[in-house]
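Beneath this line is the structure, given in structure tokens, with notes to follow.
The values are calculated or read from the model by the stated rules, or taken from the named source; none is laboratory data. In this text the structure is predicted, and so the values were computed from the model without any measurement. Cβ atoms come from the backbone with ideal geometry, glycine included; neighbour counts cover every protein chain shown.
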Amino acid sequence: MPDRPIRLRASGLGKRFGAGDRAVQALDGLDLEVAEGEFVSVIGPSGCGKSTLFNILAGLEEPTAGALELDGARGGASGLLGRVGYMPQRDLLMPWRTILDNTILGLEVAGVGRPEARRQALELFPAFGLAGFERRRPGELSGGMRQRAALLRTFLAGREVILLDEPFGALDSLTRAGMQQWLVQVWEEPRKTILLITHDVDEALFLSDRVYVLSPRPGRVVLSLDVDLPRPRAYELTTSEPFVERKQLLLERLGMTLGEAS
Amino acid sequence: MPARTDPRAAPPLPEEPPAPSDRRRPGLAGRVLPPLAFSLLVLGAWQIYTELADISPLLLPSPWQVAQSVVDNASLFARNALVTLQEILIGFALGSAAGIALAVLLTYSRLAERAVYPWLVASQMVPIVAVAPILVVWFGFTIVPKVIVVALVCFFPIVVNTIDGLKAVDPEMVRLMRTLGMSRPRIMRSVRVPSALPYLFSGLKVAMALSVIGAVFGEWVGASEGLGYLMLALNNQLATVDLFAAVLVLSVIGIVLFFLVGLVERLVIPWHHESRRALQQQQ
């Protein structure tokens, strides 16, 4: 999507852990960009440094090489801390807060008063399928609901760029398919800029405008695929011919042909 | 699927197993009856045994005789129980406060932890039996040595549990809060402290149980009043029935205090029990 401004750009990103013989190169020369309102996925074999990449983009770790750019401003990872929304694999809801008060955490930290923060959150509760559970505590909710609450917390934090780290990885496959279908619709309006990490090829294709395929360690981009499938999308799309064609391409680049895939 | 016209309309949500519904808790009867029935069974067997075998009350008094002694000596027991209760509560409060303060300090400073922790463990190796008489020499037959003994026995479980609790916070949770822009002091307040509370209360419960014994022990070493002192005196007089009665009064105090801590726990961290119960139901 060349017509939209680039929000987040990483160029020549490298990350090395340790030193000498025992050093591990997790990322090497990784280039990546996410445009305004774009949904981008990163897939790769396990151990390709996806988590390292996300920690860097969230501002939690400094890269050992390369540059980062957010809205045109170049800087280190620390410049991204607190500016990029981050949703980890586990929901990490605070068990002592109600669902409502969990979702407003980002607003609270930003200095929004509780009544106002709650009002903003409550507006989105129906769309996130959480209506009626405002006063419940996380322990009382099912896994899918907790993930949606965590997602709402990330959305409400008001970050324009959101990182999702395998948000549905812990759910069973049926619930996961439902959640993907739900997310692709919630995302339509308002369009957030999202970067998703996943190892699920279907999930990446179904949700994204663009998919990056990473190589095994050290991680670098081996393919950047423009998905170019119509929106709004419904789950039937995943069995359509254009979808399967793209899936084959991705799987090939991931190092497996459909015949040998185990 | 047709294009949605109203973006605010909720998209269809995945089917999921329902969230754990309202908690099933045993009613009042379910919670009170089992311990009551069991107690009656034990006491009944005890009563029947002492009567049938014609055991001398000097060796083993019957529950009925013990109960009578409590009633007969009510004012004596009440007076001494109040003294012991005071020692327990003051010692417990001081020991807990010191324990929590030290735990926070040791969690904040690695250096302090490395320096102090060995001393902390070593302090528990010094038998109270050896320390208590010296405390009496220092502070005389006042309340002070007893309070110190109680504080000493409370202190350790509280420090250890609170430190474990403050450290048990999920590191990923801390990272997430940092990406939300939370400052470190605020993370301490909003994340570390709440997640340490269940641990703290475990420590408080152990400490409360220990402090009852601590108070009695403090009185044994040197006192002129209190339940521990009374027990010693009654034992010397071979007043076995009254001795048992004193033990009974002390036990009741201990049990009530222990459950009070549990009650405060439920009030302060209701979420802890809720999520535990929900987990049990999901399994």
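At a glance:
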item	result
So B:V32, is it closer than 30 Å to B:G254 by Cβ and either within 14 Å of chain A (Cβ to nearest Cβ) or modelled with pLDDT of 90 or more (or both)	no
Matching entry among A:A110, A:A35, A:A127, A:A58 (being among the hydrophobic types (A, V, I, L, M, F, W, C), within 16 Å of the chain's Cα centre (by Cα) and over 19 Å from A:D165 (Cβ atoms))	A:A35
Count of residues meeting criterion [hydrophobic (A, V, I, L, M, F, W, C) and more than 19 Å from A:A35 (Cα to Cα)] in the range A:157-182	8
Filtered residue count, the range A:201-259, keeping only those that are of a type in the set (S, T, Y), over 20 Å from A:F39 (Cα atoms) and surrounded by 15 or more Cβ atoms within 10 Å (Cβ to Cβ)	1
Residue under evaluation B:F92, criteria (1) exposed (fewer than 15 other Cβ atoms within 10 Å of the Cβ); (2) modelled with pLDDT of 95 or more, criterion not met	(1)
Residue within the range A:112-119 that is in a loop (DSSP other than H, G, I, E, B), out of contact with any strand residue (DSSP E or B) (no Cβ under 6 Å at 6 or more places or on another chain) and not assigned by TED's automatic domain parsing to the domain that holds A:Q180 present	yes
Residue selected from the range B:116-141 under the condition surrounded by fewer than 13 Cβ atoms within 10 Å (Cβ to Cβ) and of a type in the set (V, I, T), by the criterion farthest from B:A103 (Cα to Cα)	B:V137
Top-ranked residue in the range A:46-59 [being within 14 Å of chain B (Cβ to nearest Cβ) and in contact with a Ser or Thr (Cβ under 7 Å, 6 or more places away or on another chain); ranked as surrounded by the fewest Cβ atoms within 10 Å (Cβ to Cβ)]	A:G59
Some residue of the range B:263-278 being among the hydroxyl-bearing types (S, T, Y), assigned to a helix (DSSP H, G or I), in contact with a Ser or Thr (Cβ under 7 Å, 6 or more places away or on another chain) and without any contact (Cβ under 8 Å) to a residue 60 or more places away in the chain	no
Of residues in the range B:191-205 being in contact with a Lys or Arg (Cβ under 9 Å, 6 or more places away or on another chain) and more than 20 Å from B:F155 (Cα to Cα), the one nearest to the other protein chains (Cβ to nearest Cβ)	B:P194
Only one of B:L111, B:L176, B:L85 that is at pLDDT 95 or above and among the aliphatic types (A, V, I, L, M)	B:L85
Selected residue [β-branched (V, I, T), crowded, with 20+ Cβ neighbours inside 10 Å and not assigned by TED's automatic domain parsing to the domain that holds A:E166] from A:I43, A:I99	A:I99
Test result for A:V84, among the hydrophobic types (A, V, I, L, M, F, W, C), under 28 Å from A:E189 (Cβ atoms) and touching a strand residue (DSSP E or B) at 6+ places or on another chain (Cβ under 8 Å)	yes
Members of the range B:95-112 found to be free of Cβ contacts under 8 Å to residues at least 40 places away in the same chain and either of a type outside the set (F, W, Y) or surrounded by 15 or more Cβ atoms within 10 Å (Cβ to Cβ) (or both), listed by number	B:A97, B:A101, B:L105, B:S109, B:R110, B:L111, B:A112
Boolean, B:Y49 is more than 22 Å from the chain's Cα centre (by Cα) and over 22 Å from B:A151 (Cβ atoms)	yes
Selection count where residues are crowded, with 23+ Cβ neighbours inside 10 Å and touching a Gly at 6+ places or on another chain (Cβ under 8 Å), scope the range B:166-179	1
Wholly enclosed helices (runs of 4 or more DSSP H) of the range B:173-261 bearing at least 2 residues under 29 Å from B:L102 (Cβ atoms)	B:184-187, B:193-221
Hey, A:S78 in a helix (DSSP H, G or I), without any contact (Cβ under 8 Å) to a residue 24 or more places away in the chain and either buried (at least 19 other Cβ atoms within 10 Å of the Cβ) or not assigned by TED's automatic domain parsing to the domain that holds A:P138 (or both) or not	yes
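Rundown of residues vs (1) within 14 Å of chain B (Cβ to nearest Cβ); (2) free of Cβ contacts under 8 Å to residues at least 60 places away in the same chain, yes/no style:
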{"position": "A:F168", "(1), (2)": "yes, yes"}
{"position": "A:E188", "(1), (2)": "yes, yes"}
{"position": "A:H199", "(1), (2)": "no, no"}
{"position": "A:V213", "(1), (2)": "no, no"}
{"position": "A:G219", "(1), (2)": "no, no"}
{"position": "A:V222", "(1), (2)": "no, yes"}
{"position": "A:L225", "(1), (2)": "no, yes"}
